[in-house]
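Enquirer: Shown below is the structure under consideration.
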Amino acid sequence: MWLLLDGLDEMSDDALAAIHRDLGDAWAENLRVVMTCRIDQWETAAGGNILTDSFDVYRTLDYSYQTSKGEDQVKEFIGKWFADNETVATQIRTELDDPGKERIKDLVKNPLRLTLLCASWEKDNQALPETKANLYRGFVNYLYNWKAAEFKDEVKLRQELDLALGELAKAGLNRQPINDGAVRRFRFTTSEISELWADRSDTLLPTAKNLGWLNVVGEEAGEDVYAFYHPTFQEYFAATSVNNWHFF
């Protein structure tokens, strides 16, 4: 049997230690275990990462604009995405080389961000974003348009939802350790969301679920536990809710 533990870093700060403890039990003796974790959590685990010696460790690498074999992996990815529109693929790749686009060119070496760029461009055919925030904003707009059938793009409701997601995201990332020392920055119970969103929760939570911004990832004490579409989007929404530098 193979056991897949996906997104371990979204559990709590002591998740790696807990898994190490559990895998030492007899039931796990003959298991093959595949685990995924964001690199910042893997490398900064409290007390050192005690799993390193037990696993063969691999890392997802960024794409390269020039490999040792002369390949342009970013160009290849864009070409496959727009396989039926070579003109658009060439336009995007060419614009990435334009002066002043160095920052975004470096950012989209990351496979997730390159996916966001291609998806949003395909929908809106917009110019290259200047910053990481604009890249994510473009994908947010793309998702709202994509989900138009489930969500009528009422400007007021969308603004209210974005603000509420920002409040939730920031509250999670700003959490302090609880009694056992764990910090749950990426998981929210239904009651935690309802408490933060108050009388808006009955409208905003179903809308956030329909859009996919929040998804049920488990259960705790008989209630659903939610997480953002991806941790990087939690970080994006949190950043948009910081009104000025005094917050820091």
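Enquirer: Using a Gaussian network model of the chain whose springs link C-alpha atoms within less than 10 Å, name the residue from W197, W42, W27 with the highest mean-square fluctuation.
Expert: For the chain, modelled as a Gaussian network with Cα springs under 10 Å, the answer is W27.
Enquirer: Could you work out the relative contact order of the range 155-247? I mean the mean sequence separation of Cα pairs under 8 Å and 6+ apart, divided by the number of residues, in percent.
Expert: Working: 94 pairs, mean separation 34.5, N = 93.
Result for the range 155-247 is 37 percent.
Enquirer: Run the simple label-point estimate for T87 and H246 please: 7 Å along Cα→C-beta, distance reported in nm.
Expert: 5.2 nm
Enquirer: In whole Å, what three semi-axes, largest first, describe the equivalent ellipsoid of the range 178-248 built from its Cα gyration tensor (square root of 5 times each eigenvalue)?
Expert: So the three semi-axes of the range 178-248 are 20, 17, 13 Å.
Enquirer: Could I ask something else about it? What is the sum of charges, Lys and Arg at +1 and Asp and Glu at -1, for the other residues whose Cβ falls under 14 Å from the Cβ of A89? Walk me through the numbers on the way to the answer.
Expert: On the way: positive: K75, K80, R93; negative: D72, E76, D84, E86, E95, D97, E122.
That works out to -4.
Enquirer: Now for a separate question. Would you work out which of Q73, P99, F139 lies farthest towards the positive end of the dipole of the chain? Charges go on Cβ: Lys and Arg +1, Asp and Glu -1.
Expert: Farthest towards the positive pole: P99.
Enquirer: Go ahead and estimate [θ] at 222 nm for the chain from helices alone: -39,500 (n - 2.57) per DSSP H run with n ≥ 4, summed, over the residue count, rounded to 500.
Expert: Values: 11 runs with 116 residues, N = 248.
It comes out at -14000 deg cm²/dmol, rounded to the nearest 500.
Enquirer: Can you sort Y136, Y65 from fewest to most other Cβ atoms within 10 Å of each residue's own Cβ?
Expert: Values: Y136 21, Y65 16.
In order of increasing Cβ crowding within 10 Å: Y65, Y136.
Enquirer: Taking only the C-alpha atoms, wrap a convex hull around the range 74-133 and report its volume per residue in Å³ as a whole number.
Expert: 73 Å³
Enquirer: Let me ask something else. Note the per residue figure in Å³ for the convex hull of the C-alpha positions in the chain.
Expert: Details: hull volume 49.1 nm³, N = 248.
With only Cα atoms used, the chain gives 198 Å³ per residue.
Enquirer: On a 20 Å Cα-Cα criterion, which of the cross-link pairs K101/K147; K69/K132; K75/K109; K105/K132 come out too long?
Expert: Checking Cα-Cα distances, K101/K147; K69/K132 exceed 20 Å.
Enquirer: Using a Gaussian network model of the chain with C-alpha springs under 10 Å, which one of S64, S194, S54 is most mobile by mean-square fluctuation?
Expert: Among S64, S194, S54, the largest mean-square fluctuation in the Gaussian network model of the chain belongs to S54.
Enquirer: Figure the gain on full extension for T60 and E102 (residue separation times 0.36 nm, minus the Cα-Cα span) and round it to one decimal in nm. If you can, show how the numbers build up before the last one.
Expert: Details: separation 42, 0.36 × 42 = 15.12 nm, distance 2.21 nm.
Contour length minus Cα-Cα distance gives 12.9 nm.
Enquirer: Along the charge dipole of the chain, Cβ charges K/R +1 and D/E -1, which of M11, T52, A89 sits furthest on the positive end?
Expert: A89
Every number here is computed from the coordinates shown, using simple stated rules; none is lab data. Given the structure is predicted, the values throughout are model-derived calculations rather than measurements. Note that each Cβ is placed from the backbone with ideal geometry, even for glycine, and that neighbours are counted across all protein chains shown.
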